[in-house]
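Student: Let me give you the structure first, and then I'll get to my questions.
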Amino acid sequence: MSSAEFQVTQVPKFYRWSEDLNATDYVRATYEITATCKGEQAALGMAMAQSVGATRVGGDHDISGLAVCCIRVISVSELPNLTPTNVPAYRLKVPVYEASSNAGGSFSIILAVPLRLLAGKPAQLFNILIGKLPRLGFLTRFRLVSANLPSDFGPGPAFGVEGLRKITQQPSGPLLCRSMRPAVGLDTATMVQLNCDVLTGGFHIVKDDELAVFATFAEFKSHVRAMIAARDAARDETGEQKLYFANLICEPWELSQRWELCSYLGVDGVLIAPWIQGWGTLSYLARQRKMPILAHNTLGEMLTRHPDWKIDSAVVNQWLRICGADLFVTDGEFGNVELTAAQCAHQLDAAQLSFDSHPAMMPILQGGKNPDGLPLYRDLVGSNDFMLIVAQWVDNHPDGLIAGAAEFRRSLGKAA
């Protein structure tokens, strides 16, 4: 049954905001939508689909207890300037579609979502705030533009910017990291040499690429040991602290053993993919406070990139921070001249502004970064608290990898 069918049979007052309700019991979520029905009908349909759904059941039953579980519509206002969307609608043979086929438009809708529906669980966060919305036929656009969680929803970062600076022993300046390329297919001995070279040249961190795959635990263990040896050799050579981040993008049944191995061997940090592995994985590891966690954005653009079907980056960044990420990857266009400082600040504020006891996350800028861009990167971030993931520029340096890493490292001081 479609949520649209609910609107002619349910109790609408259960889904409307009342001033006698306690606002602290709810998350206030703002959506921008385009619908083939009136805004009020769309808002009620969204609230019903994502919460109780049925407030009338067969027989003479007491339904008063359902009210505390209902999402409530706080407000609906028109958005006349939104451009048409290319996301197709579909219609069902139920009254709401027939009655409103010519009454659609674009609207800003604010919903109050009961915290009891979220239960402090990241899976429920996505289940309730997004869940069925993409399949509601009368919606042709939805953007979740704000949904501020309470700070106690998750563990928050165990390390954050300040902790990363202590671990790297770099009190100032951007951090330089090489993602291990080629991502797959290279023999371990060659990767060891590449890591040693870039770290010896001056980079602070090397990390496994997100595409790295290890068919067995034995393969993973052998790889991690080799990369730690490369890190330690670079430490000995330079007298500087160097870090290695291991790839923990794996199956649920592999996670615990690989995580424990990383902890035992002294890996400096890990990367996971919350969009693939589940955001609960991020919170689960963050609560253990063992090492920094890089929340990779792989797959995430499926719900963040399209302008008509998305979660806003600021929302994602606040959720990542609350769930425990220490580092996060900025949007792909971040660091390009087309993006304004205000647009960048919109992404970063949720990740870095003071928020109870949660440390600030460190942003990662990726994609073709080079020394000439350092002044721009600093201006857009608004500080030196960021990491650059660089591979191509140093790999293709005419004087070799060590020389390229050394030149990039020197550029940090020149551009300060």
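The values are calculated or read from the model by the stated rules, or taken from the named source; none is laboratory data. In this text, all values refer to a predicted model and were calculated from it rather than measured experimentally. Ideal geometry is used to build each Cβ from the backbone, glycine not excepted, and the neighbour counts take in all protein chains shown.
Student: Look through segment 52-80, keep the residues that are polar (S, T, N, Q) and at pLDDT 80 or above, and return whichever of them is surrounded by the most Cβ atoms within 10 Å (Cβ to Cβ).
Tutor: Step one: of segment 52-80, the residues polar (S, T, N, Q) are 55, 64, 75, 77.
Now restrict to residues that are at pLDDT 80 or above: 75, 77.
Working: SER75: 13, SER77: 9.
The residue in question is SER75.
Student: For GLU240, state whether it is of a type in the set (D, E, K, R) and within 28 Å of ILE33 (Cα to Cα).
Tutor: Numbers: of a type in the set (D, E, K, R): yes; within 28 Å of ILE33 (Cα to Cα): no.
No, not satisfied.
Student: For segment 261-282, state whether one or more residues are among the acidic types (Asp, Glu) and part of a helix (DSSP H, G or I).
Tutor: No, segment 261-282 contains no residue that is among the acidic types (Asp, Glu) and part of a helix (DSSP H, G or I).
Student: Among the residues of segment 173-190, what is the count of those that are in a loop (DSSP other than H, G, I, E, B) and either in contact with a helix residue (DSSP H, G or I) (Cβ under 7 Å, 6 or more places away or on another chain) or of a type in the set (Lys, Arg) (or both)?
Tutor: Our first condition is that a residue be in a loop (DSSP other than H, G, I, E, B); within segment 173-190, this holds for 173-174, 180-187.
Next, only the ones that are either in contact with a helix residue (DSSP H, G or I) (Cβ under 7 Å, 6 or more places away or on another chain) or of a type in the set (Lys, Arg) (or both) stay: 173-174, 180-181.
Residues in segment 173-190 being in a loop (DSSP other than H, G, I, E, B) and either in contact with a helix residue (DSSP H, G or I) (Cβ under 7 Å, 6 or more places away or on another chain) or of a type in the set (Lys, Arg) (or both): 4 in total.
Student: Here's something else I'd like to know. Among the candidates ALA158, ALA123, single out the residue that is at pLDDT 85 or above, among the hydrophobic types (A, V, I, L, M, F, W, C) and either in a helix (DSSP H, G or I) or over 24 Å from the mean Cα position of the chain (by Cα) (or both).
Tutor: The match here is ALA123.
Student: With within 23 Å of PRO274 (Cβ to Cβ) and in contact (Cβ under 8 Å) with a residue 12 or more places away in the chain as the only criterion, which of PHE203, PHE159 stands out?
Tutor: Details: PHE203 fails: within 23 Å of PRO274 (Cβ to Cβ).
Matching residue, one of PHE203, PHE159: PHE159.
Student: Within segment 328-348, is even one residue buried (at least 19 other Cβ atoms within 10 Å of the Cβ), under 10 Å from the mean Cα position of the chain (by Cα), part of a strand (DSSP E or B) and among the hydrophobic types (A, V, I, L, M, F, W, C)?
Tutor: Yes.
Student: Quick check, is ALA360 under 28 Å from LEU255 (Cβ atoms), touching a Leu at 6+ places or on another chain (Cβ under 9 Å), surrounded by fewer than 23 Cβ atoms within 10 Å (Cβ to Cβ) and aliphatic (A, V, I, L, M)?
Tutor: Numbers: under 28 Å from LEU255 (Cβ atoms): yes; touching a Leu at 6+ places or on another chain (Cβ under 9 Å): yes; surrounded by fewer than 23 Cβ atoms within 10 Å (Cβ to Cβ): yes; aliphatic (A, V, I, L, M): yes.
Judged against the criteria, ALA360 is a match.
Student: Name every residue in segment 237-260 that is within 30 Å of GLY201 (Cβ to Cβ) and either of a type in the set (Lys, Arg) or assigned to a loop (DSSP other than H, G, I, E, B) (or both), in order of residue number. Even if it seems obvious, please write down each step before you answer.
Tutor: Narrowing segment 237-260 to residues within 30 Å of GLY201 (Cβ to Cβ): 237-249, 258.
If the condition is that a residue be within 30 Å of GLY201 (Cβ to Cβ) and either of a type in the set (Lys, Arg) or assigned to a loop (DSSP other than H, G, I, E, B) (or both), then GLY239, GLU240, GLN241, LYS242, LEU248, ILE249, ARG258 are the ones that fit.
Student: Among the residues of segment 209-247, how many are acidic (Asp, Glu) and over 19 Å from CYS196 (Cβ atoms)? Show your work before the answer.
Tutor: Taking segment 209-247 first, the residues acidic (Asp, Glu) are 209-210, 219, 232, 236-237, 240.
With over 19 Å from CYS196 (Cβ atoms) added as a condition, the list becomes 210, 219.
Matching residues across segment 209-247 total 2.
Student: Also, quick follow-up: Could you check, for segment 308-321, whether at least one of its residues is assigned to a loop (DSSP other than H, G, I, E, B) and surrounded by fewer than 20 Cβ atoms within 10 Å (Cβ to Cβ)?
Tutor: Yes, segment 308-321 contains at least one residue that is assigned to a loop (DSSP other than H, G, I, E, B) and surrounded by fewer than 20 Cβ atoms within 10 Å (Cβ to Cβ).
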